[in-house]
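Only the coordinates and a few stated rules stand behind these numbers; no lab work does. On a predicted model such as this, the values are computed, not experimentally measured, just so you know. Every residue, glycine as well, gets a Cβ built from its backbone with ideal geometry; the counts of neighbours run over all protein chains shown.
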Amino acid sequence: MINLPKWLKTFLMFNAGHTYSNLSRLFLRLFTGIMFLQMGVRQMTHLGEFAQATAGSMGLPSESALVAIVVLEIVCAVFIILGLFTRLALLPSIGIMIYAETVMLTATSVSSAGQMFIFEPGYPIMFLGIFAYMLLAGPGKISLDYLFAIHTISEKDDEESEVLEKA
């Protein structure tokens, strides 16, 4: 048996029983949302440059496709950060990352594809993994989704109790 110092045993045992899952989800939402928002803002500030890289994407004219991507990135990132309609906001975000990975794989050069989304190859896959986890795990208790759920449940319980009292 390994003889560990008492403080290390206490630390390891405490952390084994207390997972801090809601705080972890908040951190992941904030970190990923800020990264996603940063990409959208960078693309918005360099709209003209990126319009050439998106020429004909999604069957839309280049600027229209880029504007659609940028608006979706920014709006979805804000919703993810706030924890508001998180799972719904993740669906377009996942679509954007699938599209980004497709562009990265089919680009004639890594630099032209990277310029469009302002990241290196592999980032779309990283975002897809994080978004998939957040889709499965949910936003956690430190989110607006949780507050709305609690509010909706409490209103529903009040209405049900009033109906039961009248019956």
- Task: Give the order of Glu73, Glu155 when sorted by the count of other beta carbons within 10 angstrom, beginning with the fewest.
- Result: Glu155, Glu73
- Multiply the residue separation of Arg42 and Val78 by 0.36 nm, subtract the distance between their alpha-carbon atoms, and state the gained length in nm to one decimal. 11.5 nm
- Assuming R0 = 35 Å, can you tell me the calculated FRET efficiency for the pair Glu63 and Asn22, based on Cβ-Cβ distance, to the nearest 0.05? 0.30
